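The values are calculated or read from the model by the stated rules, or taken from the named source; none is laboratory data. The structure presented is a predicted model; accordingly, all values stated were derived computationally and were not measured. For neighbour counting, all protein chains shown are included, and Cβ atoms are generated from backbone atoms with ideal geometry for every residue, glycine included. SASA here: full protein model, heavy atoms, side chains in, ligands and nucleic acids out. Shrake-Rupley method; radii C 1.70, N 1.55, O 1.52, S 1.80 Å.
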Amino acid sequence: MFVVASLIDKIPNLGGIARTCEVLGIRNLVLSSKKLTENQDFKSVSMTAEKNLNIIEVTPSNLEEFLKEKQAEGFEIVGAEQTVDSKNLIKFSFPRKCIMILGHEKEGIPSNILGFLDHTIEIPQFGLLRSLNVHVTGALFMWEYCKQHIVGGSTQT
């Protein structure tokens, strides 16, 4: 699995996503800039997780090209987004070769990227608010992927 966080602006969210990747054994994290890992707000949340991750730099303007390359390599692209066609996370089977896109904190996944998604997945919600923090969403998606592909085995992805 590759976790794509290039669209996220808030540094503490990125640090939390890095930490969650490391804890769950997901080794590939895509950021808009590797320099973000040097930020003190990132470091205070990541707890040095970035030292154990394969950090890949892909700016938002280069994200389409990155996704095309990964699709050509056989990866399916999964987006965490609420749309009319979204599938429920509870019932979704993650492909082993998976690119997970996390959207911007306020705007979500932009329309030019939505067109690349093989799967649009949302987390069922039962309260009045209609969104979770992007780090929390990413953590739930990563955990579900791990339950399906890593738990009970020794494979890292």
For Ser131, are the conditions met, namely being more than 24 Å from Gly16 (Cα to Cα), hydroxyl-bearing (Ser, Thr, Tyr), in contact (Cβ under 8 Å) with a residue 12 or more places away in the chain and assigned to a loop (DSSP other than H, G, I, E, B)? no
What residue, among those in the range 134-156 that are among the hydrophobic types (A, V, I, L, M, F, W, C) and in a helix (DSSP H, G or I), is farthest from the chain's Cα centre (by Cα)? Cys146
Residue hits (the range 20-52; of a type in the set (Lys, Arg), farther than 12 Å from Val3 by Cβ and under 17 Å from the mean Cα position of the chain (by Cα)) are Lys34
Can you name the strands (runs of 3 or more DSSP E) wholly within the range 1-57 that have at least 3 residues being at pLDDT 95 or above, open to solvent by less than 30 Å² (accessible area, probe 1.4 Å) and not polar (S, T, N, Q)? 2-4, 28-31
